[in-house]
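Student: Quick one: structure below, then a few questions.
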Amino acid sequence: MSDEINSLPNTTHGNQALLINQSENEATDLAVCVEGAWKNYGYWWKSMTALHDVTLHVPTGFIYGLLGPSGCGKTTLLRCLVGRLQLNRGEVTVLGQRPGARGHQVPGRDVGFMPQETALYKDFSISEMLHYFGHLHNMNRKDILSREKFLLSFLDLPSRTKKITQLSGGQQRRVSLACALLQQPQLLLLDEPTVGVDPLLREKIWSHLIHISKTSRTTIIITTHYIEEARKANRVGLMRSGRMLAEDEPTRLLAKYNQTSLENVFLNLCREDQNRVQQSPKNSIDKTDPTDNQDAPETPHSPVLDLTTGETPYSQIRRKELVKNPVLRARRAAVDCCICPQMHKIYASMVKDLTMIKRSIGFLIFQFFIPVVQISLFCLCIGRDPQHIPMALYNSEAVHGFPTGNLSLHLLNKINPNQIHFQSFNELNKAVDAVKEGHYWGVAVIRYNFSQAIKHKLISMKTDPATLNASSIHLHLDMTNQQVSFVMQNVILTSTQLFLKDILAEHKVDPALADPPVIIENPIYGAKVQNFLNFAAPGMMISIIFFLAIGLTALIFVVEKKEGLLERSWIAGVTTVEVMLAHIIVKFFIQFIQIILMIVFADVIFQVKIEGPVILAMALIFIQGICGMSYGLLISAMCEQEVEVMEVALGSVFPILLSSGVIWPAEGMPPIMRFLSNFTPLTHVVEAMRCIVSRAWTLVYFKVWFGFVISGAWTCGFFALAAILFALRK
């Protein structure tokens, strides 16, 4: 902390008395020391103070009872002690070091934490829950089983194979307490451990806590609503509205206030505190520099909270600290991200993830086949030419009895009926009306002298307007569907060219005269007859795995954060990077099977031929899947609620998909969009995939290895941002 902060005087009268009462031995053997702690939530322009100049001293081996109503700051103070929250001002020392300092085991093995919520994986058995935390604390199997046996008996828990969901609320809290006691930590932080517990078992728990505090010198801080229960503690602290009203031994507090119960002591202290709050002037700001008044007598009153604004006399200084604090948080977040991951913690997190997967085998199988279903639907529904297109026909030559010949029938026979299905009309107006009513996609009109005009055009070489008009088939199309109208035009043009060649051949004229002056040679890449499926399928395979990977990671972390599971793992010493790496490693196997099944179905069933190395194509898809997982982690780090995750994930699908050239070539975009498409996670990766699939390119080509580099860069970027955000939000 800055010198400006440390120089601030302690104006709390109760805290002065506490410091005087501390013996020299206690001062040199403190397990927990909190000096002048201030904690604000929110930003400087709208902040609420949760801790007001709190000072707390817990000697090693003491049981400390932290008492106060809900919302008074007890849980906030405990979270500061384990390094989950950073103070805006003040100092916290736990077991000789700042929580979260490099090499310190708080958070970690030296602290056992039981939160207010149970924070247990509901699908786990009791044994699996204990083994998870045992592996996090690097305990061997023998020690875990030994502690498990003791805790099951001590806390009167049912069978070790019983699932958490099958336990009552009280039993779940006892399992949560067992997880905190498992590794026999030096410091125990227990938030309401005896709520919903049988009185006999409550007495038993207290006896055990007293025993380990004396024999193992375990320091215990316990919050409880049972005020009289705290008389068993060596020392108690009474809190209200974020302020420490008193801190002393229970017997001394009773004697000091001449009361027979701690509840009456607490009631008197609350009344005194309320009177001070009401008598203090509102919105008062102490503008005196504290460094200029070190010799001045200290006021007997604690800094007052204005109930209407949430401000105290040190609001201006706190605002300055709130501006500085993000820099401190960023520095600590960087340290958290740079700590070398430990294998036993990654292993514990992997076993936890695998256990969760094992509990839902049906959903796992469903995950395996999601890419298969999606690529199958894509190949079945996308890229095929429309079939059996209904089209009206007004053949005036047939209506008038073929006055000049029946070449119109010859032309119609050339048109594939599986592609265009003609319905004949005797009146042109009725045919047009049928198209207007949406029954047909167009009208084909043939003139009554079509046969004669064709012969004059091809044999006699007449090119007058009347001959050209009569020798043509006239199309009146519904152009609202581009693909259908394009297919109709293409089919009729191709069929007409074949018809003209037949007429020329019948009259001993070279049919090549009907060919356009363009010769399409054998293609350098691909086949002469190409379809849209071959163009879009590589991009869709990349996109399917990418977006599925987002779903694999984004939602699960938000759920764990919301239920307190992720925070409890962090307090057990797991770092952000370890959690993320374990999750990605486990999902690696799911994704590997997904990719294999998808490639097999696309290649074998739907004939999406991969011209290049299949292994290279799978590697690119896999790396892009890891990129999707990292993006999912980033979404999870940004969001607090499941709805937010769904909105961000779904909201980013179409922009990325449409701007990356998966569905339509990037060459068809406006220049500005084509430029921006270079900065999506899919554009260059999709192009690399197409080069592998259609051109048989390998890593020696720029577009291929550049796609791998881009995918890896996006992966690292998403992962790093997610790690930083997770660390900042810890």
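Coordinate-derived values only; no laboratory data. Bear in mind the structure is a predicted one, so any value in this text is a computation, not a measurement. Every residue, glycine among them, receives a Cβ derived from its backbone with ideal geometry; neighbour counts consider all protein chains shown.
Student: Where does the chain land at 222 nm, in deg cm²/dmol rounded to the nearest 500, when only DSSP H runs of n ≥ 4 count, each adding -39500 (n - 2.57), divided by all residues?
Tutor: That calculation yields -17000 deg cm²/dmol at 222 nm.
Student: In a Debye calculation with equal point scatterers on the alpha-carbon sites of the stretch 389-514 and no solvent, what is log10 I(q)/I(0) at q = 0.16, 0.22 Å⁻¹?
Tutor: With no solvent term, the Cα-only Debye profile gives -0.79, -1.33.
Student: Order of Ser694, Ser146, Ser176 from fewest to most other C-beta atoms within 10 Å?
Tutor: Details: Ser694 21, Ser146 12, Ser176 24.
So the ranking, lowest neighbour count to highest, is Ser146, Ser694, Ser176.
Student: If you don't mind, there's one more thing I want to ask. Quick one: putting +1 on the C-beta of Lys and Arg, -1 on the C-beta of Asp and Glu, what dipole do you get for the stretch 389-514 around its Cα centre, in Debye to the nearest 20?
Tutor: On the way: 9 positive and 9 negative charges, 54 e Å.
Here the size comes out at about 260 debye.
Student: Now for a different question. Rounded to the nearest 10 degrees, what's the angle between the helix 262-279 long axis and the longest principal axis of the chain, both from Cα atoms, 0 to 90?
Tutor: 70 degrees
Student: Would you please name the GluC sites (Glu not before Pro) within the stretch 420-521 that are DSSP coil residues with at most 10 other C-beta atoms within 10 Å of their C-beta? Let's see the in-between values first.
Tutor: Values: sites: Glu427, Glu437, Glu506, Glu521; in loops: Glu427, Glu437, Glu521.
Taking the stretch 420-521 and a limit of 10 other Cβ atoms within 10 Å, the loop GluC sites (Glu not before Pro) found are Glu427, Glu437, Glu521.
Student: Do any of Lys163/Lys204; Lys162/Lys587; Lys149/Lys204; Lys352/Lys587; Lys142/Lys358 go past 21 Å between their Cα atoms, and which? Don't skip to the answer; put the middle values down first.
Tutor: Numbers: Lys163/Lys204 24 Å; Lys162/Lys587 27 Å; Lys149/Lys204 17 Å; Lys352/Lys587 12 Å; Lys142/Lys358 24 Å.
Over 21 Å apart, Cα to Cα: Lys163/Lys204; Lys162/Lys587; Lys142/Lys358.
Student: Place +1 on the Cβ of every Lys and Arg and -1 on the Cβ of every Asp and Glu in the stretch 389-514, take the dipole about the Cα centre, and give the residue among Thr463, Ile389, Val491 whose Cα lies farthest towards its positive end.
Tutor: Looking along the dipole axis, the top candidate is Thr463.
Student: Could I ask something else about it? In which sequence would Lys204, Lys74 go, from the one with the fewest C-beta neighbours within 10 Å to the one with the most?
Tutor: Working: Lys204 15, Lys74 22.
Ascending number of Cβ neighbours within 10 Å: Lys204, Lys74.
Student: Now, a different point. Using the Cα centre of the chain as the reference point, and only Cβ charges (+1 on K/R, -1 on D/E), how large is the resulting charge dipole? Debye, rounded to the nearest 20.
Tutor: Values: 67 positive and 61 negative charges, 223 e Å.
So the dipole magnitude of the chain works out to roughly 1080 debye.
Student: Follow-up question, since we're still on this one. Whole number please: convex hull volume per residue, Cα atoms of the chain, in Å³.
Tutor: Values: hull volume 170.7 nm³, N = 730.
Each residue corresponds to 234 Å³ of Cα convex hull volume.
Student: Would you kindly state how much longer the chain becomes between Leu380 and Leu409 on full extension, computed as 0.36 nm times their sequence separation minus their alpha carbon distance, in nm to one decimal? All intermediate terms of the calculation are to be shown ahead of the outcome.
Tutor: Numbers: separation 29, 0.36 × 29 = 10.44 nm, distance 3.42 nm.
Extra length available between Leu380 and Leu409 comes to 7.0 nm.
Student: For Ile210 and Lys358, what is the calculated FRET efficiency with R₀ set at 56 Å and r taken between the beta-carbons, to the nearest 0.05? Don't jump to the answer; show the numbers that get you there.
Tutor: Numbers: r = 40 Å, r/R0 = 0.72.
Once rounded, the FRET efficiency stands at 0.90.
Student: Considering only Tyr132, Leu151, Gly108, whose Cα is most displaced toward the positive end of the charge dipole of the stretch 53-171, charges sitting on Cβ of Lys, Arg (+1) and Asp, Glu (-1)?
Tutor: Tyr132
Student: Moving to a separate point now. On a 0 to 90° scale, report how tilted helix 683-695 is relative to the longest principal axis of the chain, with both axes built from alpha carbons and the result rounded to the nearest 10.
Tutor: 50 degrees
Student: On to the next question. Taking only Cα atoms, what is the 0 to 90° angle, nearest 10, from helix 482-506's long axis to the longest principal axis of the chain?
Tutor: 20 degrees
Student: Grab the Cα-Cα distance for Val529 and Arg252, subtract it from 0.36 nm times how many residues apart they are, and report the gain in nm with one decimal. Please report the intermediate quantities before stating the final value.
Tutor: Numbers: separation 277, 0.36 × 277 = 99.72 nm, distance 9.47 nm.
Length gained between Val529 and Arg252: 90.2 nm.
Student: Would you list Glu35, Glu117 from fewest to most Cβ contacts within 10 Å? Show your work: numbers first, answer last.
Tutor: Numbers: Glu35 19, Glu117 16.
So the ranking, lowest neighbour count to highest, is Glu117, Glu35.
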